[in-house]
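Below is one structure, written out as structure tokens, with a few remarks after it.
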């Protein structure tokens, strides 16, 4: 769950960076549109119809690009809102799980105080496992010793 929260935080940061890039692109595109319109007005004032036509074509392209960038920015903001809600939800779940953890610990302590043992922490179980492991090792060593004695007698 912690990994998912970290991934979600990274995603939110990436979306925020993408929004910042799109906002910079929008600013540049607005400036380009303003420049094209200004050039068209100046060309109109000096009766340069060819430059006016070129400026109008560029202004139209910049307006179209502005519309696309505004839609893109709107979508990115919606995506950020969604990702932020998901992150908030995951963080709340993680916090809730962390809050539940102490009550689980408290329950185990109560069981241990009543004479029970938590799995994997009972010393008697550990000693018994150790004794069984040692007995198995000793039996294996005894078998190997017997095999060696048999080989020695044959030679």
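Quick note: the coordinates plus some simple rules give every number you see, no bench work behind them. The structure displayed is predicted, hence computed values, not measured ones. Don't worry about glycine lacking a Cβ; one is built from the backbone with ideal geometry, like all the others, and counts go over all protein chains shown.
Taking only Cα atoms and a 10 Å spring cutoff, compute GNM fluctuations for the chain and point out the largest among 66, 94, 132.
Of 66, 94, 132, the Gaussian network model singles out 132 as fluctuating most.
With the crude spin-label approximation of a point 7 Å out along Cα→Cβ, what separation in nm comes out for residue 96 versus residue 50?
For residue 96 paired with residue 50, the spin-label model returns 7.1 nm.
Please list 147-154, 18-25, 33-40 highest first by mean number of surrounding beta-carbon atoms within 10 Å per residue.
Result, highest mean Cβ count within 10 Å first: 33-40, 18-25, 147-154.
For the Cα atoms of the chain, what angle does the longest principal axis make with the long axis of helix 49-113, in degrees from 0 to 90, nearest 10?
Orientation of helix 49-113: about 20 degrees from the principal axis.
Name the residue, out of 17, 138, 29, whose mean-square fluctuation peaks in a Gaussian network model built on the chain with Cα pairs under 10 Å.
Of 17, 138, 29, the most mobile in the Gaussian network model is 138.
Would you mind computing, in nm to one decimal, how far apart the modelled labels at residue 60 and residue 84 are, each placed 7 Å from Cα along Cα→Cβ?
It is 3.9 nm.
Which angle from 0 to 90°, rounded to the nearest 10, does the C-alpha axis of helix 123-154 make with the longest principal axis of the chain?
60
Taking Rh as the Kirkwood radius computed over C-alpha pairs, what is the Stokes-Einstein D of the chain at 10 °C in a medium of viscosity 1.306 mPa s, expressed in µm² per second?
67
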